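The values are calculated or read from the model by the stated rules, or taken from the named source; none is laboratory data. As the structure is a prediction and not an experimental result, all values here were calculated from the model. No Cβ is skipped: glycine too gets one built from the backbone with ideal geometry, and neighbour counts run over all protein chains shown. The protein model used for the area step is the full one, side chains on, heavy atoms only, and it has no ligands, DNA or RNA in it. Shrake-Rupley method; radii C 1.70, N 1.55, O 1.52, S 1.80 Å.
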Amino acid sequence: MENLGALSILLAFCLAVYAFAASAVGGWLKKPYLVVSGERAVLAVFALLTTASAILVYGLLSGDFRMVYVAAHSNRDMPLLYKFAAWWGGQEGSLLLWSWLLSLYAAIVVLTNRRRHRSFLPYVTATLMGTQVFFLILNAFIASPFKMLAVGREITAAADGRGLNPLLQYWAMAIHPPMLYLGYVGFVVPFAFALGALIAREPDESWLRTIRRWTLITWLFQSCGILLGAGWAYAVLGWGGYWGWDPVENASLLPWITATAYIHSVMMQEKKGMMKVWNIVLISATFWLCIFGTFLTRSGVVSSVHAFAQSEIGHWFVGFLALIAGVCVFVILNRLDYLKSEARLESVVSRESSFLFNNLLLLVSCFAVLWGTLFPVISEAFTGEKISVDTLFFNRVQVPIGLMLLFLTGVAPLVAWRRTSVASLKRNFLFPGAGALVLMGALFAAGVRHFYALVCFGLCLFVAWTIFLEFYRGARAIRVRAGLSLPAAAVELTRRNTRRYGGYTVHMGIVLMFVGFAGAAFNQHKQVETVVGGTFDIGRYQLKVRELREGANPNYVWNHAVIDVFVRGEPVGVLEPERRFYPASEQGTSEVAIRRRLNEDLYLNFAGMTDDQSKAVIQAYVFPLVSWIWIGFWVLLAGTLICLTPSRVKVRGTRAGEEPELAAEMAAAER
Amino acid sequence: MKTYGKFAALILVVIGTLVWLAAGGVRDSGTYYKTIGELRQMGAEAQGKRLRVGGDVEEGSIVRTGGQVRFVLHQENLRLNVIYEGTDPLPDTFRDGAQALADGKMGPDGVFRASKIQAKCASKYEAKPGTGAAAPSRAGV
């Protein structure tokens with residue numbers, strides 16, 4: 001079995017090399033038979049990697065402890081879900097997942113484009129397979145998942161595996177990495193299309209529409225992955241809330257930021273033929289950052305709360321990253337004439353310029369995150385001292401950037417292309433702006449003194465109001481014409497231009513998330529040691545430790561506290577935070593108990609017993625408004641799905657700078 | 001060209017502000033990585049600077065009292081007393097024998113006051129003989 005797996009990977013490697021060469025040469029010399037054979041090799045690579053993955057998964061599920069990977073990441077007593085999740089629970093398996101997903105995407109690209117984009121598809125295939133070759137080198141020669149346990153020349157089996165890292169044994173954890181991988185790997189496709197079109201000097205820009213879907217879907221996966229990670233961090237203790245600016249978190253955020261910038265600025269290219277160089281740079285950067293993120297999580301160049309797998313694959317990644325950067329820079333410089341802009345900026349207050357500033361801010365944000373993440377490496381190179389920065393640095397830079405972006409979210413979709421009149425500014429922004437100021441005044445009067453939180457709440461109202469106005473105005477116009485009720489008219493409106501109104505919905509999701517982020521300004525925290533029967537207060541809650549229990553199951557040993565929660569003397573519920581200890585891996589975890597409400601979460605952690613075992617150590621937190629982050633996420637998900645559904649009235653893909661009516665139709669403020 | 005001038009001015013203002021904020025952020029949160037040995041050599045100089053010290057948590061040295069956690073970090077034969085006074089809960093990986101990074105300041109009494117602790121799983125978990133497998137990684141990302 002395991003030999004078959006290793007053989008599949010090796011064959012896949014050979015075929016990927018062939019597919020790369022055949023596609024590149026076939027595209028260059030215009031030899032259709034080479035191109036087609038390259039495409040068939042892509043499908044074969046997918047089949048072979050599927051076989052290899054299936055063998056690994058079978059080994060994990062059946063508990064084949066002769067395999068090093070299985071012995072290290074699975075054990076007999078783990079639930080089936082986590083046995084399966086062990087596929088991406090370690091270095092070798094997760095690299096195989098990367099490869100497999102890439103081959104899956106490549107196969108989809110080949111199958112869906114048998115008749116489209118023929119002129120430059122060979123280059124797309126070659127780019128995809130070039131990346132595939134790199135990962136297959138890792139799978140086949142550096143981090144093989146099919147190593148066997150051996151003593152001398154005998155293959156032996158471990159009695160039982162050490163199990164998946166207990167921190168990974170949480171439902172969100174079973175889907176968080178594949179989501180992120182779907183995102184990371186998915187960005188290869190838009191990059192391959194952009195690079196392919198550029199190499200072939202493709203005159204027709206219809207491929208922009210093809211990859212818009214890819215980019216959006218991938219972006220959505222990436223968003224899901226990041227948010228699931230945040231949700232996991234929040235519910236499984238030890239990572240410091242939902243976001244801690246940890247290098248690994250940052251690594252997943254970086255390509256998300258550049259992809260967000262790309263999704264916005266590519267509209268400029270689609271509609272006005274502007275920012276072409278910028279877009280290709282953005283999509284290349286996104287791809288580069290995806291590989292960089294994969295590298296960062298595996299090489300141990302920066303220390304992180306996530307336990308890194310230390311290994312030698314870092315050098316390979318550095319080489320590949322340098323190669324990508326070199327190829328991108330060369331191709332872009334070599335084809336600059338093809339990327340000439342077809343229009344120019346005319347006014348500071350215009351749609352074009354708001355796109356420009358949106359991109360600028362996102363890029364600065366990305367750069368700041370990168371800078372902060374790599375600061376230990378940078379400072380060591382320049383001063384010889386390894387200096388790191390923490391959340392304070394990130395928050396200080398990112399909070400103002402976030403607020404400015406939030407402001408643009410409200411303003412940008414409503415200012416016109418080219419230039420905007422004062423009258424239209426007044427019509428669109430007078431009431432939302434005034435409303436925001438009134439809200440900020442009211443909050444200030446109510447005792448809120450946190451500057452950023454005040455601004456954030458004000459801006460949230462401002463943006464939400466402008467979005468509401470957009471829906472309202474559009475729906476009102478339809479209602480009169482079609483005789484529908486206002487909500488029905490709003491649905492009809494959305495169906496007529498899914499890109500635009502889906503985009504607004506995504507913006508609304510972002511607004512709700514910002515409400516949640518602003519809540520962090522009012523967090524409360526307390527740690528107490530208490531005996532059974534003891535009580536303590538936090539915020540408006542009174543907590544009473546009713547009893548402490550303990551027990552065991554084959555996977556772990558647990559003890560938990562039963563805590564009654566009261567508000568103004570009224571019992572409102574029982575929370576049961578738990579501590580677990582996993583004997584297989586000799587590790588403990590905390591299962592926090594959270595009382596989730598829309599206004600605030602009460603969050604309890606059972607930190608353990610004091611040394612004399614007489615008192616329980618309980619950490620209590622109140623996190624205001626956190627739920628809105630998750631609600632915002634669902635709205636964002638819905639909005640992106642709306643964007644992905646085709647509009648009922650086909651919006652023509654022509655450029656419409658001159659006709660205000662059509663321009664408004666096409667002003668898709670999509671994300 | 002006038003429009004482009006306006007653009008340049010706006011961009012400069014935005015970026016300038018952010019650079020200024022970033023510089024402040026680095027100044028206020030910059031933390032120096034030191035080994036226990038280097039910390040000893042710095043002597044009184046070490047006080048007041050934000051430092052990050054790494055080492056192994058000495059077996060049986062973790063003592064929890066009244067919201068404080070005391071423990072000893074050791075590296076080869078150098079030892080450092082640490083008091084953790086932070087608000088974040090300690091990571092689950094923090095326990096006897098774990099590799100830990102303590103983030104904080106050196107007190108005048110020679111006790112390191114940490115406001116943050118990062119910990120990796122103990123090395124005995126990483127290197128079981130014959131497996132050659134690396135530490136448990138948080139699944140890739």
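When a/c is below 1.5 the answer is rounded, else prolate if a/b is larger than b/c, else oblate, so apply that to the stretch B:1-67 with a ≥ b ≥ c taken from the square roots of the Cα gyration tensor eigenvalues. Before the final figure, lay out the partial values.
Details: a/c = 4.52, a/b = 3.07, b/c = 1.47.
Prolate.
Model label points for residue A:645 and residue A:327, set 7 angstrom from Cα along the Cα-to-Cβ axis, are 3.8 nm apart. The mean number of partner chain beta-carbon atoms within 10 angstrom of a residue's beta-carbon across peptide A:87-100 is 3.
Given R₀ = 60 Å, FRET efficiency for residue A:532-residue B:13 by Cβ-Cβ distance, to 0.05?
Working: r = 60 Å, r/R0 = 1.00.
Plugging the Cβ-Cβ distance into 1/(1 + (r/R0)^6) gives 0.50.
The listed residues A:349, A:188, A:480, once ranked by accessible area (1.4 Å probe) with the largest placed first, stand as A:480, A:349, A:188. Here the stretch A:29-134 has an Rg and Dmax of 17.2, 57 Å, counting Cα atoms alone. Each Cα pair under 8 Å and six or more residues apart adds its sequence gap; the mean of these over the residue count of chain A is a relative contact order of 11 percent. Shape of chain A from the C-alpha gyration tensor: oblate (a/c of 1.5 or more and a/b not above b/c, with a ≥ b ≥ c the square roots of its eigenvalues).
For the stretch A:1-65, averaging the sequence separation of C-alpha pairs within contact (under 8 Å, six or more residues apart) and dividing by the residue count gives a relative contact order of 43 percent. For residue A:546, the amide hydrogen comes within under 5 Å of the amide hydrogens of A:533, A:562, A:563, A:564, counting only partners 5 or more places away or on other chains and with H modelled in the peptide plane. The accessible-area ordering, largest first, of the residues A:353, A:347, A:421 stands as A:421, A:347, A:353, per a 1.4 angstrom probe. Think of each Lys and Arg Cβ as +1 and each Asp and Glu Cβ as -1; about the Cα centre, that makes the dipole of the protein assembly as shown roughly 3080 debye.
Cross-link list B:34/B:116; A:386/B:116; A:271/A:340; A:340/A:426: which exceed 24 angstrom alpha carbon to alpha carbon?
A:340/A:426
In what sequence, highest mean first, do A:425-435, A:88-98 appear when ranked by Cβ atoms within 10 angstrom?
On the way: A:425-435: 15.5, A:88-98: 25.8.
Going by the mean number of other Cβ atoms within 10 Å, highest first, we get A:88-98, A:425-435.
Here the label points at residue A:115 and residue A:570, each 7 Å from Cα along the C-beta direction, are separated by 6.5 nm in the simple model.
Between chains B and A, what is the buried accessible area summed over both chains (1.4 Å probe, protein heavy atoms, nearest 100 Å²)?
Summed over both sides, the interface buries about 5700 Å².
Compared with the direct C-alpha span, the chain from residue A:25 to residue A:346 gains 111.2 nm at full extension, assuming 0.36 nm per residue.
Between residue A:496 and residue A:81, the C-beta separation translates, for a Förster distance of 56 Å, into a calculated FRET efficiency of about 0.85.
From the square roots a ≥ b ≥ c of the eigenvalues of the alpha-carbon gyration tensor of the stretch A:71-188, which class results: rounded (a/c under 1.5), prolate (a/b over b/c), or oblate? Write down the numbers at each step before the final one.
Details: a/c = 3.49, a/b = 1.78, b/c = 1.96.
Since a/c reaches 1.5 but b/c is at least a/b, the shape of the stretch A:71-188 is classed as oblate.
Peptide A:393-399 has a mean of 6 when you count, residue by residue, the C-beta atoms of other protein chains within 10 Å of its C-beta. Projecting the Cα atoms of A:511, B:104, B:78 onto the charge dipole of the protein assembly as shown (Cβ charges, centred on the Cα centre) puts A:511 farthest toward the positive pole. When the helices of chain A are scored as -39500 (n - 2.57) per DSSP H run of n ≥ 4 and the total is divided over every residue, the value at 222 nm lands at -21000 deg cm²/dmol.
What does the highest-first list of A:488-500, B:106-118, A:567-579 look like by mean Cβ count within 10 Å? List each step's numbers first, then the result.
Details: A:488-500: 19.5, B:106-118: 17.1, A:567-579: 14.5.
Those peptides, ordered most packed to least, come out A:488-500, B:106-118, A:567-579.
Loop-resident trypsin sites (Lys or Arg not before Pro) (DSSP state other than H, G, I, E or B) in the stretch A:523-552 with no more than 14 further Cβ atoms inside 10 Å of their Cβ: A:540. Between residue A:452 and residue B:35, the simple label model (points 7 Å from Cα in the Cβ direction) yields a spacing of 3.7 nm.
Per residue, the protein assembly as shown exposes 41 Å² of solvent-accessible protein surface, assessed with a 1.4 angstrom probe and all protein chains in place.
Here the extension length gained between residue A:419 and residue A:476 equals 17.9 nm, from 0.36 nm per residue of separation less the Cα-Cα distance.
How high is the FRET efficiency from residue A:371 to residue A:547, r the C-beta distance, R0 51 Å, rounded to 0.05? Kindly include the intermediate steps, with their values, before the conclusion.
On the way: r = 50 Å, r/R0 = 0.98.
In this case the efficiency is close to 0.55.
Tell me, what % of the accessible area of chain A is carbon and sulfur with a 1.4 angstrom probe?
Values: 17280 of 26280 Å².
Carbon-and-sulfur percentage of accessible area, whole number: 66.
Charging the Cβ of each Asp and Glu at -1 and of each Lys and Arg at +1, and nothing else, the dipole of the stretch A:406-486 about its Cα centre rounds to 360 debye.
Phi-derived couplings, Karplus 6.51 cos²θ - 1.76 cosθ + 1.60 at θ = phi - 60°, listed residue by residue for the stretch A:354-369: 5, 4, 4, 6, 4, 5, 4, 5, 4, 5, 4, 4, 4, 5, 5, 5 Hz, with x used for Gly and Pro. Stretching residue A:442 away from residue A:524 to a fully extended chain increases their span by 27.2 nm, per 0.36 nm per residue minus the current alpha-carbon distance.
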